Amino acid sequence: MVVLSQKSASLLHMEVLEGSRAVAEVVKRCRPHVISAYPITPQTHIVENLAQMVADGELASEFVNVESEHSAASVCLGAAATGARTYTATSSQGLALMSEVLYNIAGLRLPVVLTCANRTLSAPLSIWNDHQDSLMVRDAGVIQLFAEDCQEAADMHIQAYKLAEDHRVLLPVMVAMDGFILTHTFEPVTIPTQEEVDAFLPPYQPLHYLTPKAPLSMGTWCEPDKFLEVKYMMHQAMEVALTLIPQIAEDFRRHFGRYSGGLIEEYRMDDAQTAFVAMGSLVTTIKDTVDELREEGHRVGLVKIRAYRPFPTQAVARALEGVERVAVIEKAISIGGVGILAADIKSALYGRERPMVGTFIAGLGGRDVTKDSLRWIMERLEEGATLQEFVDLNLSLIGDDEG
């Protein structure tokens, strides 16, 4: 009799899959009752695969074709309100159109899970990747998890359902994966069996739902003496999620043999004097650069943000304790304001002995962030750069006369 270790057994399930297909496979194993989406590049392959699974009888789910992302989110809202497990996916302008309904889904405390295949917002028209879209709805009450690679993207969806459906949370969860870079890239991915997912993720047991057997109202008129309390309870649920996210990730590790969740990841931070902070697929390039810089004698590390909302303030502050310089690399921009991620990082460090924090806008509209540009960022930081700076492919400041 041959006994396989958990790691060896997981390798038996490994396949080389497109990122979108990997997500579709795990969503299928989460057994959603209702799926609704509208095609928009680069998320389309995810729901195309799911639609095919439903049509082939592989997935017992209702796939609802709609005329827009607003309608897709509305279908998921209605289905979730009746106690159904639901799923949708979108990108860019699709998420912008969906945003009105996302605020409603969160306010109604409905545990919808969705994928954002990150893509920049128009205009000018671009189909390439940055984080403008998901960060646009950061205040909606939607939990946001960012994936570095296709394996994380797949694993996070399983954890997302467990988190969203916890009765202490009951908020929508968005898994953000970089468009094209992850959605259309083929990687070795371990896909768990249906039995493994069933053992980890029990059937959804709604706390409140619409049924003729016990009539209730949802989303009714709210007067000023109650509205603040509703938002306060949503914020409390986010605080609970801060505790549950690492617990669910550890539970996932015990079941599947890998830790691919949690709030943050520290990479070579033990004695780091300089730290990069970033999220999404860019992290892989940063890790390679950190390794090279370490070999050259630089004490540099990385803090990867996995959970952006709720923001892991305490975990970030602990990770950056003792660091002299921080380079926050933003794949988004708040026009006329400060860096979005950098503002959260600086807030997390407020009241402590703060390192010097530099904000670097990079990768907008799909522009490459290379090892050379990361080295240039570190050099700028060591020179004392603390203002928001824009990185181009010529490794200079856009608009700098000397550049």
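Any read-out appearing in this document is the output of simple, stated calculations on the displayed coordinates, not a laboratory observation. Here the structure is a predicted model, which means the values were calculated and not measured. So basically every Cβ, Gly included, is an ideal-geometry build from the backbone, and we count neighbours across all protein chains shown.
Structure data summary
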read-out: Rg/Rg_ref, the stretch 266-390, where Rg_ref = 2.2 N^0.38 Å and atoms are Cα; value: 0.96
read-out: Rg and Dmax of the stretch 6-256, Cα atoms only, in Å; value: 17.4, 58
read-out: Backbone HN-Hα couplings from phi across the stretch 136-147 [Karplus 6.51/-1.76/1.60, Hz, Gly and Pro as x]; value: 4, 10, 5, 9, 7, x, 9, 5, 10, 10, 10, 9
read-out: Positive-pole candidate from Phe276, Phe311, Leu374, dipole of the chain, charges at beta carbon; value: Phe311
read-out: Proxy reagent accessibility, fewest Cβ within 10 Å first, across Met356, Met378, Met98; value: Met356, Met378, Met98
read-out: Antiparallel bridges, percent of DSSP beta bridges restricted to the stretch 6-256 (to nearest 5); value: 20 percent
read-out: Fraction of alpha-carbon pairs over 20 Å apart in the stretch 1-122 - percent; value: 45 percent
read-out: Order of His131, His208 - criterion: other Cβ atoms within 10 Å of each residue's Cβ, fewest first; value: His208, His131
read-out: The chain: angle of helix 340-349 to the longest principal axis, Cα-based, in degrees nearest 10; value: 80 degrees
read-out: Dimensions (Å) - the stretch 96-173, Cα atoms, principal axes, largest first; value: 42, 30, 14
read-out: Percent of Cα-Cα distances greater than 15 Å, calculated over the stretch 200-303; value: 77 percent
read-out: Mean Cα-pair separation over length for the stretch 6-256, i.e. relative contact order, pairs under 8 Å, 6 or more apart, %; value: 24 percent
read-out: Sum of -39500 (n - 2.57) over DSSP H runs of 4+, divided by residues of the chain (222 nm, nearest 500); value: -12500 deg cm²/dmol
read-out: Among Ala327, Ala214, Ala343: highest mean-square fluctuation, GNM of the chain, C-alpha pairs under 10 Å; value: Ala214
read-out: Coil-residue GluC sites (Glu not before Pro) of the stretch 252-301, DSSP, other Cβ within 10 Å capped at 11; value: Glu296
read-out: Once exposed loop trypsin sites (Lys or Arg not before Pro) are cut out (DSSP; at most 14 other Cβ, 10 Å), longest piece of the chain; value: 1-167
read-out: Rounded Å value of the spacing that divides the Cα centres of the stretch 136-191 and the stretch 212-289; value: 10 Å
read-out: Given the chain, longest segment not containing exposed loop chymotrypsin sites (Phe, Trp or Tyr not before Pro) (DSSP; at most 10 other Cβ within 10 Å); value: 1-220
read-out: His208-Glu67 FRET efficiency (beta carbon distance; Förster radius 30 Å; 0.05 resolution); value: 0.55
